[in-house]
Amino acid sequence: MKHFLSIKDVTDLNQLITNGIAAKRDPFVNIGLGKNKTIGLLFFNSSLRTRISTQKAAQNLGLNVITMNVGQDGWGLEMEEGVIMNGDKAEHVKEAAAVIGSYCDIIGIRSFAGLQDREKDYSEIVFEQFKKYADVPIVNLESATRHPLQSLADCITIEEFKIKQRPKVVLTWLPHFKALPQAVANSFCEWMNPMDVELVITHPEGYDLAPEFVGKGQVIYDQDKALEGADFVYGKNWSSYQHYGQVLTSDPSWMITEAKMALTDNGKFMHCLPLRRNMKVADEVLDGPRSLVIEQAANREWSAQAVLREVLLGL
Ligand code: CP
């Protein structure tokens, strides 16, 4: 594997899931693979899970890890080419990426959507510029449009907990007062498409995801109807793609409660975290036996380890 930016960089998804589960059973079997190699983890945005799980996965593979909060620990980076740099960005990505690439064998990056300009966000300029100028593999720690390490952890979790060959998986929009990116929802759909699942997507009108991510997913605007018979309920808030970055509603009736979960086929609840309790999901669900959010988060370590192993093998 050269870069890991989306599922398009994965040649065998089933094998990658199997490798993640194998890493969980025997975390240190490949500890020699990263010896004398360094991964740099660059965070343009906050993180708990991605930061710690990727660092831990890298250490399990014997990698040295350098983590940096870009713009706080270092200089603000200009991404656009040919601009007069008379604003608040003191360094250009052309130099920064090349320099970091000279120190690191792999670079992981987190850079969220700004939610102001859809075309700019969906062009993934930060990742494209690092790819162009760093000359080492780039790993997506959540970009403007995707969160593939999360999605792989989600696939691993569904594989571990499914009790039917072809489970019904429902991605449901959840209410939130803030505008959040579409990345997790986009990516989840993109990774569920090749899985042997029945994928249903439910959200209020105006929240349709970009068609290239929806794929085979069936869109149902009635949440109760969508939840009927679900084996897995995957909750996430996202802002509008059509009315880009806008919050069109925060209708509390979309919150996941035990009454909503009772519509499922004894379904399990999943969410990438972090989440606001009793705004998006009720305590009774999160604190009950249906919740997989901790198991899901724990699997972030194994998804990162499976991916970093592939990248190291490709060096
Ligand atoms: N799910 C996830 O990516 O969590 P963090 O934002 O804490 O990394």
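Assorted remarks:
- Each of Lys120 and Gln15 was given a label point 7 Å from its Cα along the Cα-to-Cβ line. The distance between the two points is 4.0 nm.
- The residues packed around Val285, meaning those with a beta-carbon under 9 Å from its beta-carbon, carry a net charge of -2 if Lys and Arg are +1 and Asp and Glu are -1.
- For the stretch 152-296, the fraction of C-alpha pairs farther apart than 26 angstrom is 14 percent.
- A simple spin-label model places pseudo-atoms 7 Å from Cα toward Cβ; at His243 and Asn36 they are separated by 5.9 nm.
- Exposure proxy ranking, count of Cβ atoms within 10 Å, fewest first, for Ile163, Ile17: Ile163, Ile17
- Cα pair distances in the stretch 1-68, grouped into 10 Å bins until the bin that holds the longest one, percent each: 18, 44, 37, 1
- With R₀ set to 22 Å, the beta-carbon distance separating Ala98 from Lys8 gives a calculated FRET efficiency near 0.30.
- Along the chain, counting only chymotrypsin sites (Phe, Trp or Tyr not before Pro) with a DSSP assignment other than H, G, I, E or B and at most 15 other Cβ atoms inside a 10 Å radius, the longest segment between sites is 76-176.
- Taking 0.36 nm per residue of separation and subtracting the current Cα-Cα distance, fully stretching the chain between Asp88 and Phe161 would add 21.5 nm.
- Largest first and in whole Å, the equivalent-ellipsoid semi-axes of the chain read 32, 24, 16, each the square root of five times a Cα gyration tensor eigenvalue.
- C-alpha long axis of helix 183-192 to longest principal axis of the chain, angle in °: 70
- The stretch 250-288 and the stretch 25-53 have their alpha-carbon centroids 31 Å apart.
- Segment Met68-Gln218, length gained on full extension (0.36 nm per residue, minus Cα span): 50.0 nm
- Scaled to the globular estimate 2.2 N^0.38 Å, the Cα spread of the stretch 54-198, given as radius of gyration, is 1.23.
- The stretch 116-209 - convex hull of the alpha-carbon atoms, volume per residue in Å³: 126
Laboratory data are not the source of any read-out in this text; all were calculated from the coordinates shown. Please read all numbers here as calculations on a predicted model, not as lab measurements. Note that each Cβ is placed from the backbone with ideal geometry, even for glycine, and that neighbours are counted across all protein chains shown.
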